[in-house]
Amino acid sequence: MSIEELEEEVEKLLEERDKVEEICDTLPQCEEDDGCETCETYAKIAELDNKIEELEDKIEELMGEEEEE
C-alpha cells in the first residue's frame, strides 16, 4: 500500500470513529460512572483507535524508508 492509500484509510477510520463517538454520547449507560467499561460502542471506538494507530505507524515507517533512498 502506498502512503496515500494508507492516509485515505486513516481518514475513513477517523470519520467512522467520529460517527460512532456521536452515538456513544447519546447512550444512557454513558451517564453512569463506569458506563464506558461495559459499552460495546466504546469498545468499537477503542478498536478503531488501534487500527488508526497501526496505519499511522506504517505511514511513518514508509516515510522513513523514502527518506533513506
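Rule-based calculations on the coordinates, nothing more; no lab input. For clarity, every value in this text was computed on a predicted model and none was experimentally measured. Here Cβ is always computed from backbone atoms with ideal geometry, including for glycine, and neighbour counts include all displayed protein chains.
Structural remarks
- Protection-proxy order for peptides 18-29, 50-61, each taking the mean of Cβ atoms within 10 Å per residue, highest first: 50-61, 18-29
- The shape of the chain can be summarised by an equivalent ellipsoid whose semi-axes, obtained from the alpha carbon gyration tensor, come to 33, 11, 6 Å from longest to shortest.
- Cross-link reach list, lysines versus Lys19, counting only Cα pairs under 21 Å and skipping chain neighbours closer than eight places: Lys44, Lys51
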